Amino acid sequence: MRILFISHSFNSLTQRLFVELRARGHEVSIELDIADSVSEEAVAMYRPDLIIAPFLKRAVPASIWQNHVCLIVHPGIVGDRGPSALDWAILNREPVWGVTVLQANAEMDAGDIWTTATFPMRAAMKSSLYRNEVTNAAVAAVLEAIGKFERDEWPMPLAAAGKIHGQLHGQLRPLLRQEQRRIDWQNDDTATVLAKIHGGDGFPGVLDSLFGTPCYLYDAHPATTTALAATQGRAGDVVARRDEAVLRRTRDGGVWIGHARRAPAADDFDKMLKLPVAVTFPAETAVLPELPVPLQRPEEEWGELRYREEGAVGYLSFDFYNGAMSTVQCRRLRDAVLQARERPTRVLVMLGGDDFFSNGIHLNCIEAAAHRPDESAADESWYNINAMDDLALEILTATDQLTIAAMRGNAGAGGAFLALAADMVWAHEGVLLNPHYKNMGNLYGSEYWTYLLPRRVGAEQARAITQNRLPISATQAARQGLIDTAFGRDADSFMREVKHRAQALANAADYPERLAAKRERRAADEAAKPLAAYREEELARMRRNFYGFDPSYHVARYHFVHKLPHAWTPRHLALHR
């Protein structure tokens with residue numbers, strides 16, 4: 001079928017649906033929801049069989065839904081209505097939630113029900129639930145709804161559907177406002193504080209204050225009794241730091257707060273970025289006592305980096321918020337890789353984070369440098385990409401172990417190519433990859449991709465991959481040879497199989513031969529063209545991106561970090577244009 005997406009942005013859910021439907025033979029074109037007239041024009045040009053709205057912030061115009069079947073993907077159970085569906089579910093600590101596909105009509109979220117899919121809730125950030133449980137449920141529900149549409153079945157009125165799905169009681173809920181998210185540090189327990197910050201994660205955050213300065217809070221994690229025992233203070237006090245986060249006490253415990261955004265002032269818009277707390281408040285954070293933790297530690301003890309061993313296999317995770325890796329984070333991860341390389345293991349598995357493997361350089365931290373005295377975005381970009389290259393080099397030259405990049409979450413730009421530095425790249429079937437830089441102002445890219453990518457897929461396919469601005473599924477990436485294999489529908493089943501395969505590799509009779517072959521190939525490749533030469537050539541192009549006359553990268557980065565609304569739909573998304 002010809003399917004048109006109308007979406008506020010090409011977000012993770014929209015991308016996942018895009019690749020899933022294209023994989024099933026549907027032709028999918030996308031129009032970003034910029035204005036009613038633009039959407040109407042897209043419908044007239046494309047003449048779709050079906051319209052799907054995966055992610056909207058306003059109503060579909062009547063001129064469209066009155067004349068076309070238009071499916072709305074709502075992140076709530078049957079009967080749930082309103083713009084803060086998932087926020088309310090997290091705040092109320094609902095045990096079960098869902099996604100409903102309904103038909104657009106004159107009342108928001110109140111159309112006839114095509115289908116629904118539910119899932120058990122977990123204590124997690126809204127952004128994590130959205131990328132995982134919500135996205136998986138949305139894919140299942142949309143595919144079911146398309147099947148019904150193709151069979152000429154029709155949706156069920158909301159009242160009737162509510163009786164069938166009566167075990168879940170959806171209702172109209174208003175926009176969740178800051179006064180309802182407000183944290184009472186003296187009286188709220190840790191679970192309540194976490195639910196409030198989790199429910200606002202991504203957007204809009206929870207309006208509070210740090211160090212006497214109004215700001216929005218994000219990226220919260222529970223603190224252990226071990227961490228709390230090492231500090232003193234009352235509920236609401238900020239008492240310690242770790243990585244670039246701070247520990248704040250609650251009535252019955254404490255939470256680590258990883259990111260903050262200063263509340264905007266009329267003359268200070270450019271500085272109001274979501275950043276690690278230590279970057280937002282550098283002087284205030286620096287005087288706090290540090291609570292470092294070893295790489296190998298109990299699972300419940302929070303930290304961005306974690307290493308554990310099972311037999312002859314080491315597992316290194318790096319759970320960076322939104323997959324962005326700043327200069328400081330790249331350097332810390334490089335040190336962790338060096339420590340892991342010194343361990344007496346046969347296989348090193350690079351796990352990335354739960355939601356993202358990596359998305360490359362940290363654009364928010366780079367943008368922040370543009371607004372500090374004696375710093376510049378160009379310089380910080382240069383430091384960050386060199387730190388990424390240093391990290392990739394340590395993985396590439398790990399010749400005493402076999403290395404695996406096991407992608408539990410999505411990867412984009414430099415993060416997708418960082419994975420290729422490992423000997424083997426595995427991903428679960430729900431992972432999306434954006435292995436290109438061009439959407440960020442035609443960045444050339446580094447991370448040794450000019451060495452890593454052609455040796456996997458050949459020069460011609462490498463050019464096609466880097467020129468393509470669209471996401472690809474892990475399954476498609478495996479078919480192209482970009483990664484080695486995709487297995488497991490979700491992260492849990494994937495990790496079970498990763499452990500099985502990694503142990504088998506470490507215990508294989510031919511392990512010495514595999515390791516010897518790796519060393520021989522690395523030596524032969526180095527003799528043919530040193531890694532330093534690839535890096536020098538890539539960075540020469542990147543220097544022009546950062547310091548040259550063409551400001552495309554800086555403009556694209558500014559638009560990205562400030563989330564400026566789109567003025568038009570990019571042509572690689574809008575087939576009808």
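The values are calculated or read from the model by the stated rules, or taken from the named source; none is laboratory data. Note that the structure is a prediction, hence the values are computed from the model and not measured. Backbone-built Cβ (ideal geometry, glycine too); neighbour counts: all protein chains shown. Note: accessible area is taken over every heavy atom of the protein model, side chains too, but ligands, DNA and RNA are not part of it. Shrake-Rupley method; radii C 1.70, N 1.55, O 1.52, S 1.80 Å.
When Rg is the radius of gyration of the Cα atoms in segment 136-243 and Rh is its Kirkwood radius, what does Rg/Rh come to?
1.18
Full extension from S552 to A230: what is 0.36 nm times the residue separation minus their Cα-Cα distance, to one decimal in nm?
Net length gain for the segment: 111.1 nm.
Rounded, prolate or oblate, given the Cα gyration tensor of segment 308-467, with a/c below 1.5 counting as rounded?
Cα axes put segment 308-467 in the oblate bin.
Using the Karplus curve 6.51 cos²θ - 1.76 cosθ + 1.60 with θ = phi - 60°, work out ³J(HN,Hα) for each residue of segment 518-525 in order, rounded to whole Hz, and write x for Gly and Pro.
In residue order, the calculated couplings are 4, 5, 5, 5, 4, 5, 5, 5 Hz.
FRET efficiency for W185 and E429, Cβ-Cβ distance as r, R0 = 51 Å, nearest 0.05?
0.75
For segment 130-223, what relative contact order do you get, as a whole percent, if you take Cα pairs closer than 8 Å and at least 6 residues apart?
Relative contact order for segment 130-223 comes out at 17 percent.
For the cross-link pairs K57/K148; K196/K563; K499/K563, which exceed 30 Å when the distance is taken from alpha carbon to alpha carbon?
As for pairs spanning more than 30 Å Cα to Cα, those are K499/K563.
Run the quick spin-label model on E41 and R521: label points 7 Å from Cα toward the beta carbon, then report their separation in nm to one decimal.
5.0 nm
Are there GluC sites (Glu not before Pro) in segment 133-214 that DSSP puts in a loop and that have at most 13 other Cβ atoms within 10 Å, and which ones?
Those that pass, being in a loop and sparsely packed, are E153.
With viscosity set to 0.890 mPa s at 25 °C, what whole-number translational diffusion coefficient in µm²/s follows for segment 357-420 from Stokes-Einstein and a Kirkwood radius over Cα pairs?
D = 188 µm²/s.
Provide the per-residue ³J(HN,Hα) series for segment 17-24, in order, calculated from phi with Karplus coefficients 6.51, -1.76, 1.60 and θ = phi - 60°, each as a whole number of Hz, with x at glycine and proline positions.
Taking θ as phi minus 60°, the curve returns 4, 4, 6, 5, 6, 5, 5, 9 Hz for segment 17-24.
Let me have the 222 nm mean residue ellipticity of the chain computed from DSSP H runs of 4+ only, each contributing -39500 (n - 2.57), with the sum over all residues rounded to the nearest 500.
Taken over the chain, the calculation gives -11500 deg cm²/dmol.
What lysines does K529 reach when the alpha-carbon gap must be under 28 Å and sequence neighbours fewer than 8 apart in one chain are set aside?
Straight-line reach from K529, under 28 Å: K438, K518.
If the chain between V287 and R469 were fully stretched, how many nm would it gain, using 0.36 nm times the residue separation less the Cα-Cα distance?
That pair, V287 and R469, stretches by 61.1 nm at full extension.
Apply the a/c threshold of 1.5 to the C-alpha gyration tensor of segment 269-360 and tell me whether it is rounded, prolate or oblate.
In terms of gyration-tensor shape, prolate.
Give the residue list of chymotrypsin sites (Phe, Trp or Tyr not before Pro) in segment 438-508 that are DSSP loop and have at most 11 other beta-carbon atoms within 10 angstrom.
Qualifying residues, ordered by number: none.
Determine which residues of segment 420-449 fall in the zone a paramagnetic label at R571 would reach in this model, i.e. backbone nitrogen under 19 Å from the point 7 Å along Cα→Cβ.
Within reach of a label on R571, which here means backbone N under 19 Å from a point 7 Å along Cα→Cβ, segment 420-449 contributes 437-443.
Please work out how much accessible surface I72 shows to a 1.4 Å probe, ignoring ligands, DNA and RNA, in Å² rounded to 10.
Accessible area of I72: about 30 Å².
Select from segment 203-311 those trypsin sites (Lys or Arg not before Pro) which occupy a DSSP coil region and have at most 16 other Cβ atoms within 10 Å, ordered by residue number.
Passing both the DSSP loop test and the Cβ count: R234.
Can you sort M495, M45 by solvent-accessible area, 1.4 Å probe, largest first?
Largest accessible area first, the list is M45, M495.
Along segment 442-455, what does the Karplus equation 6.51 cos²θ - 1.76 cosθ + 1.60 (θ = phi - 60°) give for ³J(HN,Hα), rounded to whole Hz, x for Gly and Pro?
6, 4, 7, x, 9, 6, 6, 5, 5, 8, 6, 6, x, 6
May I ask you to derive the relative contact order of the chain, considering only C-alpha pairs under 8 Å and at least 6 residues apart, and to give it as an integer percent?
So the answer I get is 10 percent.
Amide H neighbours of M156 under 5 Å, at least 5 residues apart or on other chains, H built in the peptide plane: list them.
Sorted by chain and number, the residues that satisfy this are I113, W114.
Please report the projected area of the chain's Cα convex hull averaged over all directions, in nm².
27.2 nm²
Let me make sure I get this right: for segment 407-563, a, b and c are the square roots of the gyration tensor eigenvalues over alpha carbons, sorted descending. Under 1.5 in a/c it's rounded, otherwise prolate if a/b > b/c, else oblate. Which is it?
oblate
For segment 297-337, place one equal point scatterer on every Cα, skip the solvent, and apply the Debye formula. What is log10 of I(q)/I(0) at q = 0.16, 0.23, 0.25, 0.28 Å⁻¹?
Relative scattering, expressed as log10 I(q)/I(0), comes to -0.44, -0.83, -0.93, -1.05.
Express in nm, to one decimal, how much length is gained between S376 and M1 on full extension, taking 0.36 nm for each residue of separation and deducting their alpha carbon distance.
The span from S376 to M1 would gain 130.1 nm if fully extended.
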